[in-house]
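Structure record follows, encoded as structure tokens.
Quick note: the coordinates plus some simple rules give every number you see, no bench work behind them. None of the values given here were measured: they were computed from a predicted structure. Don't worry about glycine lacking a Cβ; one is built from the backbone with ideal geometry, like all the others, and counts go over all protein chains shown.
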Amino acid sequence: MRETKSAILVTGAAGFIGSHLVDALIEKDFLVIGVDNLITGQLVNIKHLMNSPRFLFIEGRVEDLKFDQLESYKIKAIAHLASPASPVDFERIPEAIISVNTLGTHRLLKIAKEFSSRFLFASTSEVYGDPLVHPQPEGYWGNVNPQGSRSVYDEAKRLGETYVALYHRKYHLDTRIVRIFNTYGPRMRLNDGRVITNFIQAVLRNKPLPIYGDGKQTRSFCYVDDLVKGLIKMLLQDGLDGETINLGNDEEISINELAVTLETILNQKLERRYLPLPHKDDPKRRRPVLTKARKLLHYQPTVELIEGLKRTLRYFEK
Ligand code: UDP
């Protein structure tokens, strides 16, 4: 009889967060099967793993994943991270975003049921929409405009969560949901349209920093290594069956303050260019309540924004 090897399936393996998660799992000696259709993922993020006996790459859509592609493995756990996640993608590839988070999530849940795998769904702070409760605890149901330009992502993630909760209730699958807040670091796409990469791009090209709206809107930025530590616990720790937990960093700053932080790091004055908000529903404030993460995962982000931005700048300068 053929030996079946235990493996962890990671979707979005060539993406920004997914590729860092794969690295961390391989570091822990797991065998990882990575899935990615490269719609926003980049092969360069996993190039260093291509000859590793601990990594198998399947290029394709999560929605099309077949049992027989996996049958020679025992899939212990699935981490579903595949999804374009930048606001510019909401207009560029909206159908793909809806599909991977709904049909894709359902497809993976069926696979998890077949293998009795643990299931981790990467949800988002966007499920809180433009929040009326601040900071945002997991118990807040959110304020999402179902027809707004961000809804293709927000509502798809919300329906993804609904599928996951259903499989937990109906089939007693060991499911976990993590709501990821703004995360940054090496391996983001420089042209991904988010504020940190747009600012870095502006600095590298000697252009003014693009600030949408009045720049008073806030976010709480988490360095990717901190987030991945939380993800690893969410995935590997026992006793989290059915839990939904926020992950990120709870240091909140405005976009104007982010510009000042960059000036401090570079020790130079940077010009700003104020532009109209591209999304009407752009959340005005966002900061995670991390009480649950601290209590259940002993999660604590440790990389300060200044340090994380320096590391990210160094990556892009290369
Ligand atoms: N933003 C900005 N300049 C940019 C890109 C974004 O001022 O070049 C603003 C955006 O309107 C939002 C915040 O920065 O209020 C964070 O945007 P991002 O796209 O990074 O992530 P979001 O949290 O909106 O998903």
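Per-structure values
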read-out	value
Rg ratio (alpha-carbon, reference 2.2 N^0.38 Å) - the chain	0.97
Tail weight of P(r) past 25 Å, computed on alpha-carbon pairs of region 154-301, percent	39
Percentage relative contact order, the chain, counting C-alpha pairs under 8 Å, at least six apart	18
Where labels lie 7 Å past Cα in the beta-carbon direction, separation of Ile265 and Thr291 in nm	3.2
Region 79-159, relative contact order in percent, only Cα pairs under 8 angstrom and at least six apart counted	38
Inter-centroid distance (Cα atoms) of region 14-60 relative to region 64-137, Å	16
Nearest-20 debye value, the chain charge dipole, Cβ charges on Lys, Arg, Asp, Glu	180
Within the chain, helix-based [θ] at 222 nm, where runs of 4 or more DSSP H residues each add -39,500 (n - 2.57), nearest 500	-11500 deg cm²/dmol
Candidate lysines - alpha carbon under 22 Å from Lys284, same-chain residues fewer than 8 apart omitted	Lys157, Lys216
Whether region 262-318 is rounded, prolate or oblate, judged on the alpha carbon gyration tensor where a/c under 1.5 counts as rounded	oblate
Debye, to nearest 20: dipole size of region 214-318, +1 on Lys, Arg Cβ, -1 on Asp, Glu Cβ	200
Pair-distance profile P(r), taking every C-alpha pair of region 123-215, with 5 angstrom steps and integer %	3, 11, 16, 17, 18, 15, 10, 5, 3, 2, 1, 0
Residue among Thr105, Ala24, Asn182 farthest towards the positive dipole end of the chain, charges placed on Cβ	Ala24
Region 30-72: C-alpha gyration tensor shape, a/c 1.5 cut-off, then a/b vs b/c	oblate
Over region 1-68, relative contact order from alpha-carbon pairs under 8 Å, at least 6 apart, %	33
Computed lengthening from Glu251 to Ile93, 0.36 nm per intervening residue step minus Cα-Cα distance	53.8 nm
Listed residue (Leu166, Leu235, Ala122) projecting farthest to the positive dipole end of the chain, Cβ model	Leu235
Globularity ratio of region 74-174, using Cα Rg and 2.2 N^0.38 Å	1.11
Within region 66-188: Cβ-based charge dipole about Cα centre, in debye rounded to nearest 20 (Lys, Arg +1; Asp, Glu -1)	480
Over 23 Å between alpha carbons, listed pairs Lys5/Lys28; Lys110/Lys170; Lys74/Lys292	Lys74/Lys292
Those lysines that a straight Cα-Cα span of less than 18 Å connects to Lys269, excepting residues fewer than 8 apart in one chain	Lys207, Lys310
Footprinting exposure proxy for Ile306, Ile253, Ile26 (fewest neighbouring C-beta atoms within 10 Å first)	Ile306, Ile253, Ile26
Candidate lysines for bridging to Lys295, where Cα separation is under 22 Å - those fewer than 8 sequence places away on the same chain excluded	Lys229, Lys233
Neighbour-limited loop hits for trypsin sites (Lys or Arg not before Pro), region 133-229 (at most 10 other Cβ within 10 Å; DSSP other than H, G, I, E, B)	Arg205
Order of Asp225, Asp130 - criterion: other Cβ atoms within 10 Å of each residue's Cβ, fewest first	Asp225, Asp130
Point-to-point label distance, Asn143-Glu304, nm (Cα→Cβ direction, 7 Å offset)	3.3
Footprinting exposure proxy for Leu173, Leu38, Leu296 (fewest neighbouring C-beta atoms within 10 Å first)	Leu38, Leu296, Leu173
